[in-house]
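Asks: Supplied in structure tokens, the structure appears directly below.
The values are calculated or read from the model by the stated rules, or taken from the named source; none is laboratory data. Predicted model, so just to flag it, every value in this text is computed and none were measured. Glycine also receives a Cβ, built like all others from the backbone with ideal geometry; neighbour counts cover every protein chain displayed. Just so you know, the surface numbers come from the protein's heavy atoms only, side chains and all, with ligands and any DNA or RNA stripped out. Shrake-Rupley method; radii C 1.70, N 1.55, O 1.52, S 1.80 Å.
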Amino acid sequence: MSSHTGVKPSLRFGQVVIGPAGSGKTTYCRGMQEFLTSLGRKVVVVNMDPANETLPYSCAVNISELVTLDDVMESMKLGPNGGLLYCMEYVEANLDWLENKLKEHSDCYFLFDCPGQVELYTHQSSVKNIFSQLAKWNFRLTSVHLVDSHYCADPAKFISVLCTSLSTMLHVELPHVNILSKMDLIEQYGKLAFNLDFYTEVMDLTYLLDHLAADPFFKKFHRLNEKLAEVIQDYSLVSFVPLNVQDRESMIQVLRTVDKANGYCFGDLEERNLQAMMSAAVGADFQFDSTLGVQERYVETIGKTLEEEMMDL
């Protein structure tokens, strides 16, 4: 597939942006591209979605030059889901095309904008194999998994999000960061039952089960929900970073987490401040204070301020 010249390619860092359709992956890539460019990083965005026809960002590598969903659906007589699976299998079979395209961009930071079909990251192996090959080409990648923040307002949907996130983490096998996107819309469909840190840190889910048990429809599935919660807590892997793409502080927090996950912050590719280095070294980004700040901006509090509520607790 690729020629072996004995010369190891230079180390390249980046993010693979994944998540369900409509979770804000393309918007995230555009926002992160602009943000990183303002920081002085040379950024390359790679569109890995053969169904993504309108790109709001400047795209250096576009998988649609190799295969498009519309062509596959027409020629293979497949529906959208089956067609997308076929497209990713086709990309996997033609990785030499992708390798040659990526070779044109050296000393860059990469953003891979991936398709929005959940099965690609939980069951099917093509995308996982593509990521594995990227690692062999000396890419150091973080999987950035976006989910809509408003799911926190619905206990059943939040448990579903936790299951999907955990399954994706185990299947993709990359350093992983889960993102609650669109934080400015978190209470669009209802109020949160708990403080925001309950959802970002995925605390004791038995409290969430009590809320589900109060619903007559979910009451009969109490044992199932109980076992799902046990699986999530037994693994104890899932947590979330809140994000509003239009908020610079929020973008900084996400970037710090991603850079620590793929090791970028330990390299010498750009000047770093002492605070970022120390927080990465000791594993403390003061996430609790950050979450408090996000909650104050986007979650309504009734009567007492957030600090007064914390004092009561």
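Asks: Return, for the Cα atoms of the range 111-151, the radius of gyration and Dmax in Å, separated by a comma.
Replies: When restricted to Cα atoms, the range 111-151 yields Rg and Dmax of 11.8, 37 Å.
Asks: Grab the Cα-Cα distance for K42 and H105, subtract it from 0.36 nm times how many residues apart they are, and report the gain in nm with one decimal.
Replies: Extending this stretch completely gives an extra 21.7 nm.
Asks: Take the alpha carbon gyration tensor of the range 43-108, find the square roots of its eigenvalues, order them as a ≥ b ≥ c, and report rounded if a/c is under 1.5; if not, report prolate when a/b exceeds b/c, else oblate.
Replies: Since a/c reaches 1.5 but b/c is at least a/b, the shape of the range 43-108 is classed as oblate.
Asks: Then there's this: Given the pairs K136/K260; K42/K101; K103/K260; K182/K220, which span a C-alpha to C-alpha distance of over 22 angstrom in this model?
Replies: K103/K260; K182/K220
Asks: Under a point-charge model restricted to the Cβ atoms of Lys and Arg (+1) and Asp and Glu (-1), what is the dipole moment magnitude of the range 131-247 relative to its Cα centre, in debye to the nearest 20?
Replies: Around 400 debye, computed over the range 131-247.
Asks: On full extension of the chain, what length is gained from S239 through E201, given 0.36 nm per residue of separation minus the C-alpha to C-alpha distance?
Replies: Stretched fully, the S239-E201 segment lengthens by 13.2 nm.
Asks: Right, here's the next one. Between V45 and residues 5 or more places away or on another chain, which pairs have amide H atoms under 5 Å apart, with H built 1.01 Å from N, and which residues are they?
Replies: Close amide H contacts, sequence-distant or interchain: A60, V61, L111.
Asks: Separate question: Not counting ligands, DNA or RNA, and with a 1.4 Å probe, what is F112's accessible surface area in Å² rounded to the nearest 10?
Replies: 0
Asks: Calculate the length of the line joining the C-alpha centroid of the range 228-271 to that of the range 13-39, in whole Å.
Replies: 13
Asks: Same structure, new question: Hey, how many Å between the Cα centroid of the range 42-67 and the Cα centroid of the range 100-158?
Replies: Cα centroid to Cα centroid, the span is 14 Å.
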